[in-house]
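The values are calculated or read from the model by the stated rules, or taken from the named source; none is laboratory data. This structure is a prediction, so every number in the text was calculated from the model and none was measured. Note that we place each Cβ from the backbone using ideal geometry, even for glycine, and neighbour counts take in every protein chain shown.
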Amino acid sequence: MYSKKLEDISFNPSGLLQNLLSKQYDLVSEQFIKILEHFDQNTYLELTNDSRYFVNAFVKNFLYIFTQSDYLISDRYVGRFIQFNLTISNLVAISDFKTTDPYLEILKYQAHNYAKILTLCSARNSFKYQRRDFFDASPELANLWYSCYLEIYRTGLVNRIVYQNLREHLTYEDGRLTDFYKIDDLYFGATYIDGDSDRFLKSKVNQSIQKSNLIKNLVISNQPNPRKVAIISGFWFPEHSVYRILYDCVASLKDDYELTLIHIGDQQLGIDRQNFQDIRYLNLQNDQFDISSIQDNDFNVIYFPDIGMSSESILLSNLRMAPIQICGLGHPVSTFGSEIDYFISGADAEVTRNAEVNYSERLVLLNGLGAVNNHPNYQPKQSLDIKTLRDATDGKSQFIINCPWYAQKVNYPLLILLKKIVQDSKRPVLFRFFSGGGLTRKNDFLPFVHEITQLLGAENVKVYPYIPYTEYMTIMEEGDICLDSYHFGGFNVIVDSLFIQKPTVVFEGKRWYSRAGARLMKKLGLGDLVAKNPTEYTQLSLKLINNHDFLWEMQERVRQIDLNGLIFQSSNGQYFKKAIDFLIQNHEYLKSDRSRKPIRIS
């Protein structure tokens, strides 16, 4: 959760030192853990002078005492300290100490240093080490550290050192790397770290799950009814991006199939119950996975709109619960080795020759993009003619550029492109980053803001924490243009931008998540704003900023688009139903078919 100021937290440096000198090491550990838990659970959006003093004082005392050779950590605290790896890294980053590198150098020559090094060694460090040495010392603790190290993807990819370290970490090979912590962060985060290497980690996670007692001890009894289809998601509510692009697909099944929604995770969410004959709930709590609601089922098809955004979806995708199991575009990345048979996508946004590289599932291609855009739940507040728009833009002191990118989509190479835009722009620019809900944990927010402002200049940057959708869209309307992210692009955010009539520059890549937006732009006659490489991305952005005629031309072109007629068409869901019909009718044959070529539905 977010917090504004430090409250109900204090520590006594003299008391800590006294406990250290009297060898009451467990008391020292407990005092550290209490304070670290506070910063783990409360994310600060700003630091007052008093708060900054507190952070600096705590970090100074923590690092000094933690690296004392006579301070010994009891075994029962070791795992907890390693789990605080990111919290400590973030706390040091927002202090004036910045990194733990000097303290790691001190520890390198100490006895009993293993747990301390794993606690302090994060992707922000330039400290040199061999991962294999960590696994040699204790595979169990090294496995825990490996997972905790990757958690920084949400806030750290904007930093050059973090970006490089995470990409190296992702591909580390070791036969002892078999157990994983917080699998949702690993599974989800891997693609944002490196879309070419995510399959290595995801396949390892799947193998670990499939061999685990948690999965081995689960027995599923399935008596398939041809008309029964289950939808498994934790995000089936109108505000979520998963729902926004796949609602009409699921709704297309309601007349011919009996639909059951299996809601995973938080039961307090306002899920949309329409179209479902039955609603069931399933949750993972304290490593207890109660699947009694689906253990005896009659589903013929199970469809996951998204896999990878929750631990439950990852675990369930590694179970055989029904004869036919399918994944959708809610999180548009292959599972790379789970029990999913098919991945339903769109022919216009896939490079079909890469299907076997990009997916472990059999790819099923619908006409179009594979998703159906719903109408944004927002009423635009600005309805201006082109002359008024010109006057408003010319009168601004800064050219406002919307960057509606979840924090994990912002990476160091992308920021270098934005820096080029700042340097070559003829006008002052302001990048507005909408970080979404990605920075609400472990004090991720302030380190993220610090890195971006350091690179682009504080005068050129405004970073928003999570804000409600209506507020987000209202602020977006103040912008002049929008830029899409890369290598993981957006889709709903592009629709949002076009809906409020903002010219949008899109970077076309080689997978659905970096192609769907570009293909949509081309379909709408906006191919002039699609970049194929980094140079084109900066050139197009600068052309919109520096060339008024080009900006007005693009604004007018966006204003003339009939979005209702071209993309807000629920009838497009018919192709999804055709795909489900086809897969049910032909699944037995397809199971024996050795071909991995995409299946085309039209």
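Of all residues in region 455-499, exactly one satisfies the criterion of being outside any loop (DSSP other than H, G, I, E, B), small (Gly, Ala, Ser) and within 21 Å of the chain's Cα centre (by Cα), namely SER497. Just so you know, in region 538-594 the residues that are basic (Lys, Arg) and over 30 Å from the mean Cα position of the chain (by Cα) include one that is farthest from GLU258 (Cα to Cα), and it is LYS543.
So that you can scan it fast, the table gives a plain yes or no per residue for (1) free of Cβ contacts under 8 Å to residues at least 24 places away in the same chain; (2) not in a helix (DSSP H, G or I):
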| position | (1), (2) |
| --- | --- |
| SER14 | yes, no |
| LEU17 | no, no |
| LEU20 | no, no |
| ASP26 | no, no |
| GLN31 | yes, no |
| ILE35 | no, no |
| LEU47 | no, yes |
| ASN56 | no, no |
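Based on this model, can you work out whether SER69 counts as touching a residue at least 40 places away in the same chain (Cβ under 8 Å), buried (at least 17 other Cβ atoms within 10 Å of the Cβ), among the small types (Gly, Ala, Ser) and over 21 Å from LYS98 (Cα atoms)? In short, no. Give the residue that is farthest from LYS532 (Cα to Cα), with candidates limited to residues of region 417-434 that are within 23 Å of the chain's Cα centre (by Cα) and either aliphatic (A, V, I, L, M) or not assigned by the TED database to the domain that holds HIS487 (or both). Residue satisfying both the conditions and the ranking: LEU418.
Does at least one position in region 457-475 carry a residue that is at pLDDT below 95 and buried (at least 19 other Cβ atoms within 10 Å of the Cβ)? The answer is no, given that none of the residues of region 457-475 is at pLDDT below 95 and buried (at least 19 other Cβ atoms within 10 Å of the Cβ).
The condition (being surrounded by fewer than 19 Cβ atoms within 10 Å (Cβ to Cβ), aromatic (Phe, Trp, Tyr) and closer than 26 Å to TYR406 by Cα) is satisfied by just one residue among TYR303, TYR378: TYR378.
Contact annotation: residue pairs with Cβ atoms under 9 Å, 6 or more positions apart or on different chains, pairing a residue in region 556-573 that is within 18 Å of ASP496 (Cβ to Cβ) with a partner that is modelled with pLDDT of 85 or more and among the small types (Gly, Ala, Ser), are ARG557/GLY525; VAL558/SER497; ILE561/GLY525.
Scanning region 216-267 for residues that are of a type in the set (Gly, Ala, Ser) and in contact with a Pro (Cβ under 7 Å, 6 or more places away or on another chain) gives a single hit, SER233. I'd like to know if region 76-94 contains one or more residues that are surrounded by fewer than 19 Cβ atoms within 10 Å (Cβ to Cβ) and either part of a loop (DSSP other than H, G, I, E, B) or of a type in the set (Val, Ile, Thr) (or both). No, there is no match, as no residue in region 76-94 is surrounded by fewer than 19 Cβ atoms within 10 Å (Cβ to Cβ) and either part of a loop (DSSP other than H, G, I, E, B) or of a type in the set (Val, Ile, Thr) (or both).
When region 435-454 is filtered for residues that are surrounded by fewer than 21 Cβ atoms within 10 Å (Cβ to Cβ) and under 21 Å from the mean Cα position of the chain (by Cα), the ones remaining, listed by number, are GLY436, GLY437, THR440, ARG441, HIS450.
For region 550-562, the count of residues that are of a type in the set (D, E, K, R), outside any helix (DSSP H, G or I) and in contact with a strand residue (DSSP E or B) (Cβ under 7 Å, 6 or more places away or on another chain) is zero.
Looking only at residues of region 182-234 that are farther than 15 Å from SER334 by Cβ and among the acidic types (Asp, Glu), we find that the one that is surrounded by the fewest Cβ atoms within 10 Å (Cβ to Cβ) is ASP184.
For the subset of region 118-169 comprising residues that are among the acidic types (Asp, Glu) and under 20 Å from TYR192 (Cβ atoms), which member is farthest from the chain's Cα centre (by Cα)? Top of the filtered list is GLU168. Of all the numbered requirements in (1) closer than 22 Å to PRO376 by Cα; (2) crowded, with 20+ Cβ neighbours inside 10 Å; (3) hydrophobic (A, V, I, L, M, F, W, C), LEU583 misses one, and that requirement is (1).
Taken over region 577-602, residues that are polar (S, T, N, Q) and part of a helix (DSSP H, G or I) amount to 3. Taking region 211-240 as the range and being part of a loop (DSSP other than H, G, I, E, B) and under 30 Å from THR470 (Cβ atoms) as the test, the residues that pass are GLY234, PHE235, TRP236, PHE237, PRO238, GLU239, HIS240. Hey, any hits in region 391-403 for a residue that's at pLDDT 95 or above, of a type in the set (A, V, I, L, M) and outside the structural domain of PRO238 (by the TED database)? Taking every residue of region 391-403 in turn, at least one turns out to be at pLDDT 95 or above, of a type in the set (A, V, I, L, M) and outside the structural domain of PRO238 (by the TED database). Just name the residue that is surrounded by the fewest Cβ atoms within 10 Å (Cβ to Cβ) out of those in region 283-300 that are in a helix (DSSP H, G or I) and in contact (Cβ under 8 Å) with a residue 24 or more places away in the chain. In this case the residue turns out to be GLN295. Identify, please: which residue in region 241-282 is part of a loop (DSSP other than H, G, I, E, B) and among the aromatic types (Phe, Trp, Tyr) and is, among those, surrounded by the most Cβ atoms within 10 Å (Cβ to Cβ)? Across region 241-282, the extreme among qualifying residues is TYR257. At least 3 residues being modelled with pLDDT of 95 or more and within 23 Å of VAL449 (Cβ to Cβ) is the threshold, and among the helices (runs of 4 or more DSSP H) wholly inside region 121-190 those reaching it are 139-150, 153-156, 160-170.
For ASP8, the conditions (1) part of a helix (DSSP H, G or I); (2) free of Cβ contacts under 8 Å to residues at least 40 places away in the same chain all hold with the exception of (1). Looking across region 427-454, just one residue is of a type in the set (Asp, Glu) and in a helix (DSSP H, G or I), and that is GLU451.
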